[in-house]
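A short reminder: the numbers here are calculations on the coordinates, not readings from a lab. What you see is a predicted model, and the numbers here were worked out from it, not measured in a lab. Virtual Cβ from ideal backbone geometry, glycine too; neighbours counted across all protein chains shown.
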Amino acid sequence: MSISKKVSSKINYLFNLGEVLVVVFHVIACCFIYVGYEVGKSTEAGEASSWLYNDNYEPEYHNRENLNIYIAAFYWVVTTLTTVGYGDIRGFTTSEYIFTMVVEFIGIAVFSFIMSSFNTMLF
C-alpha cells in the first residue's frame with residue numbers, strides 16, 4: 001500500500017505548519033519572558049511587579065528555574081494564541097498588558113491562518 005502524492009504533500013504540509021507554529025510560539029514565549037524580566041527589574045516599591053515576580057502565583061512559578069519559567073511562558077502563549085486564555089498566567093503591568101494585546105492580535109491571525117489551511121487541505 002502506497003500513499004498518493006496528494007496525501008503525502010498534505011502530511012508534509014501539516015508537519016511544516018507544526019514546525020512553524022512551534023517556532024512562533026517559542027519566539028513569543030521568549031519575548032514574554034524578556035518583558036517580564038525587564039519590567040521586574042524596573043519596578044519600584046509599591047508598583048505592580050511583572051508576571052515573573054508577582055506573589056499571586058503558585059509556588060512553582062516562583063521556583064525561578066529557567067525550564068519552569070519557559071514552560072509557563074510557552075503555556076501562556078499557547079492559551080493566548082488559541083484564544084482559550086485561562087488567565088492563570090497574566091501580565092500585571094502596562095507593558096505586559098500592551099504585549100498581551102499585541103499577542104492576542106497575532107493570535108487572531110494565527111488562528112485564522114490555521115483554519116484556512118485546514119479548509120484548503122480538506123477541500
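List of remarks:
- Judged by the gyration tensor of its Cα atoms, with axes a ≥ b ≥ c, segment 66-114 is oblate; a/c meets the 1.5 cut and b/c is at least as large as a/b.
- Ordering of 15-26, 65-76 by burial proxy (mean other Cβ atoms within 10 Å per residue, highest first): 65-76, 15-26
- Derived scalar couplings ³J(HN,Hα) [segment 89-94; Karplus, 6.51 cos²θ - 1.76 cosθ + 1.60; whole Hz; x for Gly, Pro]: 10, 8, x, 10, 10, 4
- Extension gain from LEU14 to LYS41, taking 0.36 nm per residue of separation minus the Cα-Cα distance: 5.7 nm
- Where labels lie 7 Å past Cα in the beta-carbon direction, separation of CYS31 and ILE108 in nm: 1.6 nm
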